[in-house]
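Here the structure comes first, spelled out in structure tokens, and everything after it is commentary.
The values are calculated or read from the model by the stated rules, or taken from the named source; none is laboratory data. Given the structure is predicted, the values throughout are model-derived calculations rather than measurements. Quick reminder, even Gly has a Cβ in these numbers, built from the backbone with ideal geometry, and neighbours come from all protein chains shown. Quick note on the areas: whole protein, heavy atoms, side chains included, nothing else; ligands and nucleic acids left out. Shrake-Rupley method; radii C 1.70, N 1.55, O 1.52, S 1.80 Å.
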Amino acid sequence: EGVNLGAEDTTAPYSMSWNTATAVNGWHLLTAVARDTAGNAAISVPVLFKVSNPADTVPPTVAISAPSNGASLTGSVAVTATASDNVGVASVEFSVDGTPLGVDTTPPYSVSWDTGAATDGSHVLSTVARDATGNSASSSVVVTVANAATRVEDAEPPIAYTPGTAAPGRPAGWWHGSRSRDWSGRTASFNRSAGARATLSFVGTSVSWVGFRAPWAGIAKVHVDGAFVTEVDLFSLTEQTETSVFSVTGLTPGPHTLTVESTGRKHGGDSCAPGPDCASDYAVVVDAFDVAPAFAPAVASVRIEETTASYSAGWTQGDAGAAWSGGSAAISATPGAQAMFTFVGTSFSWIGRRGPRGGIARVHLDGAFQAEIDTYSPTEIHAVVYMASNLVAGRHTVNIEATGSRNMAATDAVVAVDAIDVGSLFQDTNASVVYSGAWGLENPDRPWSGASANTGAGTAAVSNTAGARATFTFSGTGVSWIGFREPIGGIAEVRLDNLLVPVDLYAAIPQVRVPVFTATGLPEGPHTLQIDVTGLRNGAAGGAFVVVDAFDVALPQSLPAVTRLQERDPSIAYEAPVSWTLGNRFKYWSGELAMSGATVGATATLSFTGTSVRWIGQRHFVGGVAHVRVDGMHVATVDTQVPPTSQALQEQYQRPMFSVTDLAPGPHTLVIEVTGRSGEPPGAAVEPVWIDAFDIY
């Protein structure tokens, strides 16, 4: 039929072998073509013949050789199969969940599958082998796609930090709470010393270290399950934030550890002058870790699932297409669609998703716009999308609004609401905690609780001086003192109302952010918890230190509702002798805007109705001083500068600056007047005082 049977035969006798089993039974024409060296050719007289092979009823055999049954897959993978037949394999077809992936006709039989286009979860990979007569056989395996990951931020408890060896310009400890770049979760942790480690404990089959490359970044070592894997040189001519600097896949399902170790070395060495070939510093940054397969983020406090929220039109509830907390989530890309939670606490974290389809959301807190959040990410990440802390202990509402808008890189504008985590922590800096005696205040040397975008590093109060005392007053039905247990832990005496209990803080293995004293079943109402440093220690301890990190209170559900008023609410009058200045949009402020007054005599008067009020401002390196008057009476002088007692030395945003409670029901006024620090005359330019918001309750 004019189709070549094979290559030319150039030597006599001219012949060729033909397996007629590969031909269709029936009549055929066979011809031969001869040519000479000059290119002249002649064709033979056709020979007519009939192929009459017995019918082929034997099917091929086929098996998927990779990936294996039960494999966990990410990214692009090769799907391969082995196939054979008594006559010959004509084709091997591949499919996933019944959708064709491709066909291969020559061994080794293989196609490429981009799992990024598939949803996370179980999928069936199938292959069908066929011979020339149409006989077929199939094979399949079940695999799990795990492209989505869960993000663990730098300040979360699964990460344990240990110091290194100090050198000039390279402190031994980690610096937590950096906000110098657009970090994941808005904070990151730094180290420059040799031997300092950050160790993540996780359960999964793959993990990525989200870090930082820059002209001033150093060199790190990476260990997996305690074994050294590689060295990572983080030097780059350009800064790269929130970037994956190391990944490992294919781990056996189960618990693992990933350790990032700062080496105290840099690209080019110490003697190399900073430039295109030499790093200028030693910085190793732990921004976050991504763990796959994805799982619901760990419960930080009390989790409220999305099923308890109230929704406007435009939401799809009960989405089960991902590793959601509680098994489901609510999603929307409809402009103006809102999901509202009500809770009692002092903080909340929105648990959701960032991904290629992620849109822009707006968060409203206690009736006022709070923040705009872009949930786009090149890869799908289950994470805390937004967190607000230092809230009034009261009843709050949070509204998450889909805007229908999206980042230019996003493929959709979907907003996902999985849950919120509600906390009731009173940090060491809270006004309800009073210290006397010798304390090191706002110590940032450990990954203490309280780390946030607004405050930076979490801090704690530390003392080993006998007679030092911390007194916490609260209203609730239970309380936990959050502190530490370490080899240098001492003995404290705890007095709760009329109960006196000694607490030994020694432990051979360091533990931070742990409850060291808990009391439950208290009558609803006011209580006092007093912690006394004794200066004593048990025989195994190497120190007598006592740490006050925070207090976790079981708040009564009867607390009043809170209303937030932003800085430009009509109930606030900014008065003579000078105007106030509205700052540029800034993501750390409540509502992303704030007002500043920097002239002596400038006043802001809030008129409100309620029994309690709180001024939300900013603690600044060059913060100013203000007088506060309530109903015409001077009640406080507030210094908004970062105090010299702070070891953290960080500016704080959305900081409670002043509060007053137990006012008589009815209308009131709160006046904030810029005064200056050194008796400057009216109208003089002084350090600024910031008004971000007010809470009425």
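By definition, a body whose alpha carbon gyration tensor gives a ≥ b ≥ c is oblate when a/c is 1.5 or more and a/b is not larger than b/c, and the stretch 37-89 fits this oblate description. Average accessible surface for the stretch 412-459: 27 Å² per residue, computed with a 1.4 Å probe over protein heavy atoms with every protein chain in place.
Coordinate range of the alpha-carbon atoms in the stretch 357-476 per principal axis, descending: 61, 30, 19 Å.
Relative contact order for the stretch 417-472: 39 percent, from Cα pairs under 8 Å spaced at least 6 residues apart, divided by residue count. Each Lys and Arg Cβ is given +1 and each Asp and Glu Cβ -1; about its Cα centre, the stretch 178-314 then shows a dipole of about 260 debye. Label the stretch 280-429 by shape, choosing from rounded, prolate and oblate, from the square roots a ≥ b ≥ c of the eigenvalues of the Cα gyration tensor; if a/c is under 1.5 it is rounded, and otherwise prolate applies when a/b is larger than b/c, oblate when it is not. Verdict is rounded for the stretch 280-429. By the compact-protein rule of thumb, 2.2 N^0.38 Å, the alpha-carbon radius of gyration of the stretch 412-458 corresponds to a ratio of 1.69.
Normalised by the number of residues in the stretch 369-499, what is the relative contact order in percent for Cα pairs under 8 Å and 6+ residues apart?
18
What is the stretch 128-234 by shape, rounded, prolate or oblate, if you read a ≥ b ≥ c off the alpha carbon gyration tensor as root eigenvalues and call it rounded for a/c under 1.5, prolate for a/b larger than b/c, and oblate otherwise? It is prolate, given that a/c is not under 1.5 and a/b is the larger ratio. Taking only protein heavy atoms and a 1.4 Å probe, the accessible area of the chain is 56% carbon and sulfur.
Positive end of the charge dipole of the chain (Lys, Arg +1 and Asp, Glu -1 on Cβ, about the Cα centre): tell me which of Ala296, Pro570, Val222 has its Cα farthest that way. So the residue we want is Pro570.
Can you give the Rg to Rh ratio of the stretch 104-179, both from alpha-carbon atoms, with Rh computed by the Kirkwood formula?
With Rh from the inverse mean 1/r over Cα pairs, Rg/Rh is 1.37.
All other residues whose Cβ lies under 13 angstrom from that of Gly345 are scored, Lys and Arg at +1 and Asp and Glu at -1, for a net of -1. Measuring max minus min along each principal axis, the C-alpha atoms of the stretch 583-697 give extents of 38, 34, 29 Å (largest first). Ellipsoid semi-axes for the chain, based on the Cα gyration tensor and the rule √(5λ), read 66, 29, 26 Å when sorted largest first. Based on Cα atoms of the stretch 1-152, Rg over Rh with Rh as the Kirkwood radius reads 1.19. Evaluate E = 1/(1 + (r/R0)^6) for Arg495 and Asp662, where r is the Cβ-Cβ distance and R0 equals 25 Å; express this FRET efficiency to the nearest 0.05. Efficiency, from the Cβ-Cβ distance: 0.50. Counting every C-alpha pair in the stretch 427-571, the share spaced more than 19 angstrom apart comes to 54%.
Kirkwood radius and radius of gyration were both taken over the C-alpha atoms of the stretch 301-351, and their ratio Rg/Rh is 0.96.
Measuring nothing but how far apart in sequence close Cα pairs (under 8 Å, 6+ apart) lie, relative to its length, the stretch 177-270 scores a relative contact order of 40 percent. Summarised as an ellipsoid, the stretch 512-640 has semi-axes of 39, 21, 16 Å, derived from the eigenvalues of the Cα gyration tensor scaled by 5 and square-rooted, with the largest first. Here the average projected area of the convex hull drawn through the C-alpha atoms of the stretch 520-590 stands at 11.5 nm². Annotation: aspartates and glutamates with alpha-carbon distance below 17 angstrom to Lys266 (same-chain offsets under eight excluded): Glu231, Asp233, Glu239, Asp277, Asp281.
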